[in-house]
1. If we scan the range 86-108, do we find a residue that is of a type in the set (Ser, Thr, Tyr) and farther than 24 Å from residue 16 by Cα?
2. Which condition breaks for residue 109 when tested against (1) at pLDDT 95 or above; (2) acidic (Asp, Glu); (3) out of contact with any strand residue (DSSP E or B) (no Cβ under 7 Å at 6 or more places or on another chain)?
3. Any residue at all in the range 2-17 that's at positive phi and modelled with pLDDT under 90?
4. For the range 62-169, give me every one of the helices (runs of 4 or more DSSP H) that falls completely inside it and has 3 or more residues that are among the aliphatic types (A, V, I, L, M).
5. So residue 48 passes all but one of these: (1) within 17 Å of the chain's Cα centre (by Cα); (2) open to solvent by 40 Å² or more (accessible area, probe 1.4 Å). Which condition number does it fail?
Amino acid sequence: MIKERTGLHQSPEIYYWFESIETKGFTWNLTVASTSQGVCWVGLGEPEDEEQTLKAHFKRWIPEAVLLNRREFNVQVLEQLNEYFVGQRQDFTLSLYPLGTPFQLSVWEELKKIPYGETCSYGDIARRLGNPKGQRAVGMANHNNPIGVIVPCHRVIGKNGDLTGYAGGIHLKERLLALEKLDQRIHE
């Protein structure tokens, strides 16, 4: 569930953590961040890159935030992501606190409706939002999704079925879809 933001941010403290999960010979580099409101970041990039992107993201949305490197505030999200990566979880039961524009938030809400093991196109999402010509805007919102995997932007593909852009790289999108058994091109 995405929590509604009202007024001033109540907690300027953001707790982040880097951790790697090894599954079937592949290492997933995770960067997660949470506030008292919920999970606000899940990234799959290299820790050094993620740290810079994370800092820039929070500087834009909560400039007064203090980033603290703490695992204990991210245990639940790490446990659920680990379960997902080893094939024991399809749905997440975490409070989410994404930071974005109203349009981005509406796209991310639509992404959460894509079931595990299914895909849809950017155009499909745009039509659901009442803007059938807005697939590029949907693509940019996908690119800026701060809560990868949990808000499943990897399940959005081109209208002809091609795998198109993914902030972490197409190779990660392929792996995530293979994990959900959607892309048989990856042999594990």
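The values are calculated or read from the model by the stated rules, or taken from the named source; none is laboratory data. Note that the coordinates shown come from a computational prediction; the quantities given were computed from them, not determined experimentally. Neighbour counts run over all protein chains shown; Cβ positions are idealised from the backbone, glycine included. Only protein heavy atoms, including side chains, enter the accessible area calculation; ligands, DNA and RNA are left aside. Shrake-Rupley method; radii C 1.70, N 1.55, O 1.52, S 1.80 Å.
1. yes
2. (3)
3. yes
4. Correct list: 75-85, 102-111, 135-143.
5. Only one criterion in (1) within 17 Å of the chain's Cα centre (by Cα); (2) open to solvent by 40 Å² or more (accessible area, probe 1.4 Å) is unmet by residue 48, namely (1).
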